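One structure below.
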Amino acid sequence: MFSNDITDKITGNRYEFSFLVTKYKDGNAWVLYNWLDTQNVKIDDSYHPIYQILESNQVTFPPFEIEDDFSEFEFLLEHKFIVSNQDETRNIVQEKYKETNSNKKLNLILMVVNEACNFDCVYCYEDHSQKQKMGEYDKLLLKQFIEKHSLQELGIDYFGGEPLLNSDFLLSFNKMMIELSNERNINFTSSITTNGYLLTKELFERLINVRINNYQITLDGLKEDHNKLRPLKNGKGTFDTIYSNLKTIAQLPESVHFSITIRINFNTLTATDEKRNEFLNLLSQDFGGDSRFSIHAHSIGNWKGEEDKEGVYMKENVAQELNQKYDNEVQSFGFNSFKIINYAYKESSSCFADKSNSFVIFPAELSPDRKILKVQKCNIALKNPLNTTGYISENGDMIFNSNWHHWVKGTPFKKQGCQNCFFVLNCYGSSCPLNTLLTGEVTCPIEKTKEIELVKDILNFIENN
Ligand code: SF4
Ligand code: SF4
């Protein structure tokens with residue numbers, strides 16, 4: 001549908017590329033990539049009007065035709081590569097932002113064991129003092145809360161501590177959510193962040209049966225390094241158990257659908273050139289070629305905010321370079337990078353803490369005879385009082401407090417620069433709302449500086465998947 005094509009020819013309206021379009025030259029061809037929907041075009045005909053517009057750096061241009069044919073112009077217009085006004089693009093961004101915050105969607109991050117954990121990871125920011133587990137009471141209260149919404153989508157993410165210390169809860173709660181979503185025609189998805197130590201094949205199959213299909217499991221490099229960074233509470237190593245669990249899971253037939261992101265937290269000691277190479281080689285022997293496995297390598301930050309006596313934490317400037325290098329190597333070993341999958345498929349990779357339909361939920365007691373569910377926004381700043389935005393009362397109602405407005409801003413354009421930013425649909429100015437809360441500044445994620453590199457990786461991913 002083109003409401004304005006004929007009118008434009010008469011009135012001579014001018015057009016420009018949407019700010020969501022990345023344009024770059026690849027050899028002799030111009031590539032246009034639209035961050036709106038990953039659509040892309042390549043133009044290598046140097047007589048093509050678009051080619052010439054790009055070569056001559058024209059900002060605005062009139063409708064063009066090729067041998068009396070407007071169809072290519074119309075295609076670019078329909079797919080929003082070009083717009084008559086950037087406000088058109090801003091309105092689309094606003095609509096998408098509204099959609100991700102829709103009250104027809106609910107995303108609950110359940111702290112099913114609070115902070116209880118069987119590991120004692122060196123860099124962990126949790127103090128593990130809160131160990132109360134969710135049980136039957138919490139299950140019914142959550143159901144009551146969820147039933148008060150008229151939902152189209154429900155996402156349940158399990159987090160901790162180590163959520164598999166309460167696997168019975170996961171199994172029974174998800175079973176209940178499957179029934180509820182079937183009754184109400186809700187699109188229900190579920191994921192878990194686990195250290196993987198208790199994830200035997202048997203338990204994994206039971207979790208898959210209740211639709212926990214997406215996993216993040218951490219392996220911090222080669223055995224010796226991993227065991228130093230992620231020991232059990234009694235100090236013993238954990239690498240062999242986790243690795244053997246993963247290998248057994250990888251043997252499940254292809255018809256068993258799941259996605260496992262292997263998270264690698266690294267520092268300069270654990271990610272030297274030789275170690276990265278050896279570790280990725282090992283992973284590729286056991287999980288390479290299986291698209292159910294992807295890798296997310298990330299430098300270890302000072303998440304605890306403590307003095308760095310052991311040299312565990314990476315300095316920001318070194319970290320950025322090594323993050324990029326590791327990510328490139330992950331892809332050169334044939335693995336999909338978690339980051340690129342996110343960009344290619346997800347509507348947004350902005351933090352859930354910014355969204356009005358996303359809550360981190362803990363079991364809690366207001367008094368010995370009054371149990372509720374505590375609600376926070378960020379799953380890192382657990383002890384920051386500003387993070388607690390309310391609670392779910394005994395009758396399943398969400399009671400908000402005045403902290404809510406620190407997190408939910410209601411606009412995708414958090415600062416002036418977001419208004420023309422190619423990355424806004426991925427970021428919404430919310431790469432880390434906690435950081436904004438603490439510093440008063442909206443910081444761009446590092447990806448913003450890697451526009452063309454990112455597009456090349458995304459197109460490569462799309463072509464191979
Ligand atoms: S607000 Fe920042 S620290 Fe908290 S969960 Fe989001 S990205 Fe992480
Ligand atoms: S914070 Fe930076 S990267 Fe994010 S949308 Fe705004 S300008 Fe773009």
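Any read-out appearing in this document is the output of simple, stated calculations on the displayed coordinates, not a laboratory observation. Note that the structure is predicted; figures quoted are calculated from it, not measured. Because the Cβ atoms are built from the backbone with ideal geometry, glycine has one as well, and the counts that use them run over all protein chains shown.
Which whole-number percentage describes the relative contact order of region 109-243, with Cα contacts under 8 Å and a sequence gap of 6 or more?
Values: 204 pairs, mean separation 37.2, N = 135.
Relative contact order for region 109-243 comes out at 28 percent.
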Can you list the lysines whose alpha carbon is less than 16 Å from that of LYS133, not counting same-chain residues fewer than 8 positions off? LYS371, LYS374
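Would you work out the relative contact order for the chain, in percent, from Cα pairs under 8 angstrom that are 6 or more residues apart?
Values: 757 pairs, mean separation 66.2, N = 465.
Worked out over the chain, it gives 14 percent.
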For PHE293, which sequence-distant residues (separation of 5 or more, or a different chain) have an amide H within less than 5 Å of its own amide H, given hydrogens modelled in the peptide plane? ILE260
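With a sphere of radius 12 Å drawn around the Cβ of HIS79, what net charge do the other residues whose Cβ falls strictly inside it have (Lys, Arg +1; Asp, Glu -1)? Display every interim value, and only then the final one.
Working: positive: LYS80; negative: ASP37, GLU72, GLU74, GLU78.
With Lys, Arg at +1 and Asp, Glu at -1, the neighbours total -3.
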Tell me, what ³J(HN,Hα) does each residue in region 126-132 have, in order and in whole Hz, if you take phi through Karplus 6.51 cos²θ - 1.76 cosθ + 1.60 with θ = phi - 60° and put x for Gly and Pro? 8, 9, 6, 6, 8, 10, 5
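Taking 56 Å as R0, compute the FRET efficiency from the Cβ-Cβ separation of ASP69 and MET398 and round it to 0.05.
On the way: r = 56 Å, r/R0 = 1.00.
It comes out at approximately 0.50.
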Shape of region 98-345 from its Cα gyration tensor (a ≥ b ≥ c, root eigenvalues): rounded if a/c is under 1.5, otherwise prolate when a/b > b/c, or oblate? prolate
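On a 32 Å Cα-Cα criterion, which of the cross-link pairs LYS105/LYS315; LYS315/LYS409; LYS175/LYS275; LYS315/LYS415 come out too long?
Working: LYS105/LYS315 38 Å; LYS315/LYS409 30 Å; LYS175/LYS275 42 Å; LYS315/LYS415 27 Å.
Too far apart for the 32 Å limit: LYS105/LYS315; LYS175/LYS275.
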Any idea what the alpha-carbon Rg over 2.2 N^0.38 Å comes to for region 221-369? 1.21
Magnitude of the charge dipole, the chain, Cβ model with Lys/Arg +1 and Asp/Glu -1, debye to 20: 1660
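Taking N as the number of residues in the chain, what is its alpha-carbon radius of gyration divided by 2.2 N^0.38 Å? Intermediate values should be presented prior to the final figure.
Working: Rg = 24.2 Å, N = 465, 2.2 N^0.38 = 22.7 Å.
Computed over Cα atoms of the chain, the ratio equals 1.07.
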Starting from the Cα of ASN209, step 7 Å along the direction of its Cβ; do the same at ASP120; then give the gap between the two resulting points in nm. 3.6
Taking every DSSP bridge whose two residues both lie in the chain, the antiparallel percent to the nearest 5 is 45
What lysines sit close enough to LYS42 to cross-link, taking a C-alpha to C-alpha distance under 30 Å and skipping anything fewer than 8 places away on the same chain? LYS9, LYS23, LYS25, LYS80, LYS96, LYS325, LYS339, LYS346, LYS448, LYS450, LYS456
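Please state the relative contact order of region 98-345 as a whole percent: Cα pairs under 8 Å, 6+ residues apart? The partial results should precede the final answer.
Numbers: 388 pairs, mean separation 41.8, N = 248.
About 17 percent, as a whole number.
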On a C-alpha basis, how far is the centre of region 290-313 from the centre of region 106-127 in Å? Whole number, if you could? 16
Cα-based Rg/(2.2 N^0.38 Å) for region 122-224, rounded to two decimals, is 1.18
List the cysteines in the chain whose Cβ has no other cysteine Cβ under 4.7 Å from it. CYS117, CYS351, CYS378, CYS418, CYS421, CYS427, CYS432, CYS444
Counting only Cα, what are the radius of gyration and maximum Cα-Cα distance Dmax of region 203-276, in Å? 14.2, 41
Take the Cα of LEU366, step 7 Å along the line toward its Cβ, and report every residue of region 136-158 whose backbone nitrogen sits under 18 Å from that point. 137-146
What is the order of THR200, THR194, fewest Cβ neighbours within 10 Å to most? THR200, THR194
Within region 196-214, what residues put their amide N at less than 14 Å from the label point 7 Å along the Cα-to-Cβ vector of GLN251? 200-202
In sequence order, calculated HN-Hα J values of region 16-33 (Karplus, 6.51, -1.76, 1.60; Hz; x Gly/Pro): 8, 6, 4, 5, 8, 9, 8, 10, 8, 9, 10, x, 9, 9, 8, 10, 10, 10
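Report the calculated FRET efficiency for SER259 and GLU316 (r = Cβ-Cβ distance, R0 = 35 Å), to the nearest 0.05. Please list the in-between numbers first.
Values: r = 30 Å, r/R0 = 0.85.
Once rounded, the FRET efficiency stands at 0.75.
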Assuming 0.36 nm per residue, please report the length gained on full extension of the stretch LYS25 to ASN182 beyond their Cα-Cα distance. 51.6 nm
